[in-house]
Every structure is written in C-alpha cells, then in structure tokens.
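Report on the structure given below.
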Amino acid sequence: MSRFLGITREPVFSPGKVADDHAILETVADELRARGNDVSVIDADAERWPEPTSATIVFAMSQGARALERLSAWHARGIRIINRPAAILNCQRYRTIAAFSRQSEVAFPESVLVSSAAAVPLPAWIAEGGAWVKRGDVHATETDDVVFVDSAAAARAALQRFRLRRIEQAVIQRHVPGTVVKFYAVRGRFFYCVRAAKGDEIPTPVVAQLNVLGRRAAETLGVEIYGGDCVYSAPWGLTLIDLNDWPSYAPCRVRAAGEIAVYLHAQKVATDT
C-alpha cells in the first residue's frame, strides 16, 4: 500500500475560494484512496505535522512561509513533494517576473517590480492603456491585492495602500486588451480552459496554443499541478498574465482530481524504482 500526505492551503491565501480549494484536495485524496492507497490530509496551519517516511508522497497546496519552511526541510531530506517548495515560491510574482524575463518563449506583459514605499518614476504606459497593480508576492489575500489603474496617481494610491498593509513589493503590469481565459493543467496529462466571463466557445486553435504556452510557463517555474490566466485577441495572439501553483480546478474538479491522482501515483512508482 502506497502512502500519501496532503497539505491544505491556508485560508488567508484562498479569498472566496476556501471551499473550492479544500474540495479539490479532498477529491484527489478520495481518488487515491479508491486506488487502494493510504492517504492523510492535514491542515497547513496545524501546530504539529506528522513526519513523513522517505516513501511518502506529499501533495501540497500550502503557500505560507511557515508551511513552505517545513516542506523545504522535508524536500532536503529527499521527500517527494508536489508541487515542490521552490516551484511554489517561483509563482510569487517577483520571482515569476524574473524567471519569465529570461524566457523568450513565454509571452508575458511588460511588468515592473517596484517598492510600495519608494517614490520611483512610474511607466508612462499606465496612462496609455491602463495597468494592473498587484502585490509582489502571493497572488491574493483580498480584492485590493490586484487593482486596475489608468493613471500614475491611481497607481501611487494603490501602492500607498500596499505600504499601509506592510506589503513591501508590488508589480505594475501593462494591461493587455482581449478575452481573458482561465486554464487548469496537470503536467503531461491534462489541460482544460474556460472563458473567465460567459460567452462563446474558445476557438480550437486558441486551446492548442494556450496549452503550449501554459506548459512552457509551468516548466520555467517548475510547477507540475498548475493553472493560470491568459488573454487572447485576434488573430489568436496569446499573453500569459498569471500562473498559479495548484488552483481550485472548480470548473473541472472531478476530471482534474482523477488526473492528479494518476500523476501522483506515477511519482510514487518512480520513487520506488
């Protein structure tokens, strides 16, 4: 019997999605149990975590500093963790920008990392077509973590709010006009996408190109269970605007959970050989 250990996402990193994030992890656990595995799921915020054996596969949605420190210690001992702690950290925006700036095959909007406290010059293109001011580390803990601005004054106001919340770094990302598409994937196994707003079906050529773009971005950051947001516009130009470690998979939970379970079990087989 194979042993698996799931780690939940801390509620602070699941604004409005606590139930969905919990549901995908538990559904994956149920899929693994149905295949005859020994599976436990623990709360990332728990004071004590069980110590995994070298044969345990850990699947983690946690994003907090304390949880990642614990996971990093396990990884250093040779425990297989999906996603790896370093890959989870790579999805923090200040690391993502640096990684994608070195990868010409990932179409990513012009983005600058700024201090929320420093009075630095802001990009002129903010007034040209707008921009998004986003906290520079985790993706979101509340709605004000990602805001649209159309002037330098609005951008500075957003940065000031970050400073008051002691968020030291922010990203100013150029707005990309077009249709926003959300996607969900498992490395080498599964890909699903849906328009962020209701509307027409996503053209088949867009789906194929989006799969390739998402895979390249995920490989750059090292994530295996991932999702993200893209913008497409005619004639099927694609731009990645965010990549996330282990999303909720809410639109495709049952299918995704089965694919994730198969992927996790394959990692177990690989560690045993």
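Data table
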read-out	value
Meets criteria (more than 18 Å from Ala261 (Cβ to Cβ), aliphatic (A, V, I, L, M), surrounded by 19 or more Cβ atoms within 10 Å (Cβ to Cβ) and more than 16 Å from the chain's Cα centre (by Cα)) for Ile79	yes
Which numbered condition Ala98 fails, given (1) in contact (Cβ under 8 Å) with a residue 24 or more places away in the chain; (2) part of a helix (DSSP H, G or I); (3) in contact with a Leu (Cβ under 9 Å, 6 or more places away or on another chain); (4) under 17 Å from Gln173 (Cβ atoms)	(1)
Evaluation of Gln173 against (1) surrounded by fewer than 17 Cβ atoms within 10 Å (Cβ to Cβ); (2) closer than 21 Å to Asp137 by Cα; (3) among the polar types (S, T, N, Q) (one fails), failing number	(1)
Residue in the stretch 122-132 that is surrounded by the most Cβ atoms within 10 Å (Cβ to Cβ), counting only those that are in a loop (DSSP other than H, G, I, E, B) and touching a residue at least 24 places away in the same chain (Cβ under 8 Å)	Leu122
Filter pass, Phe4 being aromatic (Phe, Trp, Tyr), at negative phi and outside any helix (DSSP H, G or I)	yes
Every pair of residues 6+ apart whose Cβ atoms lie under 9 Å, when the first sits in the stretch 5-31 and is in contact (Cβ under 8 Å) with a residue 40 or more places away in the chain and surrounded by fewer than 16 Cβ atoms within 10 Å (Cβ to Cβ) while the second is assigned to a strand (DSSP E or B) and not polar (S, T, N, Q)	Asp30/Val39
Qualifying position, being charged (D, E, K, R), surrounded by fewer than 22 Cβ atoms within 10 Å (Cβ to Cβ) and touching a Ser or Thr at 6+ places or on another chain (Cβ under 7 Å), among Glu142, Glu168	Glu168
Any hit, the stretch 76-88, residues being closer than 16 Å to Ile225 by Cβ and without any contact (Cβ under 8 Å) to a residue 40 or more places away in the chain	yes
Residue satisfying all of: in the stretch 225-252; part of a loop (DSSP other than H, G, I, E, B) and of a type in the set (Ser, Thr, Tyr); surrounded by the most Cβ atoms within 10 Å (Cβ to Cβ) among these	Tyr249
Enumeration of residues in the stretch 43-57 that are out of contact with any Lys or Arg (no Cβ under 6 Å at 6 or more places or on another chain), of a type in the set (A, V, I, L, M) and surrounded by 15 or more Cβ atoms within 10 Å (Cβ to Cβ)	Ala44
Condition met for Ala119 (assigned by TED's automatic domain parsing to the domain that holds Arg163, part of a loop (DSSP other than H, G, I, E, B) and more than 13 Å from Val171 (Cα to Cα))	yes
Options Ala67, Ala117; residue that is surrounded by fewer than 18 Cβ atoms within 10 Å (Cβ to Cβ) and either on the phi > 0 side of the Ramachandran plot or in contact (Cβ under 8 Å) with a residue 40 or more places away in the chain (or both)	Ala117
Single residue of Gly78, Gly129, Gly136 found to be within 30 Å of Ala234 (Cβ to Cβ) and either at pLDDT below 95 or out of contact with any Asp or Glu (no Cβ under 9 Å at 6 or more places or on another chain) (or both)	Gly129
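Quick grid of which residues meet (1) closer than 17 Å to Thr239 by Cβ; (2) of a type in the set (A, V, I, L, M, F, W, C):
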site: Arg70; (1), (2): no, no
site: Tyr94; (1), (2): no, no
site: Glu110; (1), (2): yes, no
site: Ala118; (1), (2): no, yes
site: Ala124; (1), (2): no, yes
site: Val149; (1), (2): no, yes
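The values are calculated or read from the model by the stated rules, or taken from the named source; none is laboratory data. No experiment lies behind these values; they were computed from the predicted model shown. Every residue, glycine among them, receives a Cβ derived from its backbone with ideal geometry; neighbour counts consider all protein chains shown.
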